[in-house]
Every structure is written in C-alpha cells, then in structure tokens.
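Below is one structure; the comments refer to it alone.
Throughout, read-outs are computed from the coordinates displayed, never taken from laboratory work. Remember, predicted model here, so these are calculated numbers, not experimental data. Here the Cβ positions follow ideal geometry from the backbone for every residue, glycine too, while neighbour counts run over all protein chains shown.
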Amino acid sequence: MEFVAAKALAELTSAEIERAVAGKTLIWPIGGIEQHGPHLPLNVDSLIPEALSHRLAAMIDGFYLPVQPFSARSLPQSGGGLLFPGTIYIDGATFTRYLQRTLAGLCRLPFKRLVIINGHYENEAFIFEAIDELNGNGALGDRAVTAFSWWSLVPDAWIAANLPEFPGWHAEHAGITETSLMLYLHPDLVRSERPDHPSPPMAGIYRLPLDRASASTQGVLSRTTGSSATLGKQLFNLVMDQMMTLLEHRQNDE
Ligand code: ZN
Ligand code: MN
C-alpha cells in the first residue's frame, strides 16, 4: 500500500526545525521488539503505530518522530513474555525515565501539541506516568498531549461485529487484529503458518509456575483464523477516523 507523503521530524535540519514545528503537532509512535508467533515479525508493535503516525502526520500537516523500537517487559498473559527468543525489553523504571527525559528534550522545541501512539500492551502505564510527571514539573508548558494505545480507539460495536470470540485486548497478541493489520500494511512480512490458541489467558491474573501450554500456541495468545488484509484495512481506517475525532475534540476543548 502507499502512504501520502508525511514529514519526518528527524529529516529537518537544525536551522529549519524551530520554524518548521512552531505551532504544529508532533507524533511519536512507541512500539517494541517482541515475539509475535511463527507468522509475524518481532516489530509488529512498532510497525502498526508507525503506519498510523505517518498517515496522521500527512492528514494534519504534523511531523512524525522515529519509532521508539524497544519497550516495557513483555508478560506471558499479554505478549508471550520472555519465554521466546527475540523479545527485548527495558525495565519499567528505566523506560519511564527514558520517556520522561526524551519528552523533556523534545519540549525545548516550540511545537503546540504532542500525540503519542502506542503499539505494545505493556507500555501504556509507563507512557502515561512519564507524561504525568512532566506535567507535574511544568516541562510540558501549555502544550496539549494526547496519548493512547491504538486499540483503545476501537469501538465495542466494531469488535462485536468483526471479532468472534474476542478475548480482550491483552490477548489480541499475534491474533486476528495484529495479523490482519500486518496483512494490509506489510503482507511481505507475514508467514503462512498461523496457529489459533483455543484458551486465551484471562486479563489481570498472573500465576507461577507458568503453564506454558495454556498461555499460548507458539506465542499466539488467541485466534488468527479470519485474519485478512480486508479486515486489516477496515480496522486501520477505523482507527484513523477515531483518532481524527479524538484530536478534533481535543482542539475544541482548548
Ligand atoms: Zn503486538
Ligand atoms: Mn506487544
């Protein structure tokens, strides 16, 4: 698929940047490197928010930042955890501090609004904490911030109509939504072996010793059956629409 030309913050020069971003929106996709079953690459949680960021930057004449590639710890009930090779994580305290310091550095630029799009389930609380700390110490100034995980924008009615046996977003890991989005955005990266997992883990319960077999099938936490590029395109456009509505509301509040 093709994207409309969007502007990359990192491709500006130092001489250009202050004038270019003055009064504009910056968009930061935050992802991860985490196992995603036998069929998806490690960077699914980066590629999805990156694609949304590029599209959004083009639509609102903003600038996207480079995707944050590493993430908070993957947990067995929401990402398969560290049982699988290739999952790379940062502990929560370091990750929160990193986000806070990076955002503080960014706030030296005269932009107006920051949008953060998260693609990795376990990141969310740390992103919100970093923003809250910055707000508390005044580093954000009067800038507006809207931060969310992309799946939080999907309405319940769409889930009911399109995702039979929806297991909860914690277990939509390497399942029908991520597989469909990848079939739409990066079909060349999706392999053909796509197992289902018949007993998705429950949210909010952590048990040791870990029952590896009941947690996932080869790192897939729910079902992949029904995944398609068509569904992925529909979901991508839905999230884009919801994102525009969210940001317009936010502007009206200012
Ligand atoms: Zn994922
Ligand atoms: Mn993840």
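Relative contact order of the range 7-253: 22 percent, from C-alpha pairs under 8 Å at least 6 residues apart in sequence. Figure legend: label point modelled 7 angstrom from the Cα of ILE205 along Cα→Cβ; residues of the range 162-184 with amide N under 16 Å from it are 167-171. With both labels modelled 7 Å from their Cα along Cα-to-Cβ, the MET244 to GLU129 distance reads 3.6 nm. Counting Lys and Arg as +1 and Asp and Glu as -1 over every other residue whose Cβ lies under 11 Å from the Cβ of ARG223, the net charge comes to -2. Using 0.36 nm per residue and subtracting the Cα-Cα separation, the extra length available between THR225 and TRP158 on full extension is 22.4 nm.
Computed extension length for LEU189-ALA147: 12.4 nm, one decimal, from 0.36 nm per residue of separation with the Cα-Cα distance subtracted. The tail of the calculated P(r) for the range 132-254, taken as Cα-Cα distances beyond 20 Å, holds 55 percent of the pairs.
Which percent, nearest 5, of DSSP beta bridges in the chain are antiparallel?
Approximately 15 percent, going by the DSSP bridge assignments.
Between the alpha-carbon centers of the range 93-147 and the range 175-214, tell me the distance in whole angstrom. Here the two parts' Cα centres lie 29 Å apart.
In straight-distance terms, cross-link reach from LYS7 covers every one of the lysines whose alpha-carbon lies under 17 Å from its own, apart from those fewer than eight places away in the same chain; here that gives LYS24, LYS112. Per residue of the chain, the DSSP helices (runs of n ≥ 4 H) give a summed -39500 (n - 2.57) that works out to -12500 deg cm²/dmol at 222 nm. Highest-first packing order for the peptide set 176-187, 217-228 is 176-187, 217-228, based on the mean count of other beta carbon atoms within 10 Å. Proximity of backbone amide H atoms, modeled 1.01 Å from N, is registered between GLN68 and ILE30, GLY31 at under 5 Å, excluding neighbours fewer than 5 places apart on the same chain. For the chain, the alpha-carbon coordinates run over 53, 37, 32 Å along the three principal axes, in decreasing order. Amide H contacts for ILE116 (H built 1.01 Å from N in the peptide plane; partners 5 or more residues away or on another chain; cut-off under 5 Å): TRP28, THR146, ALA147, PHE148. When peptides 110-117, 231-238, 202-209, 80-87 are sorted by average Cβ neighbour count within 10 Å, with the highest value leading, the order is 110-117, 231-238, 80-87, 202-209.
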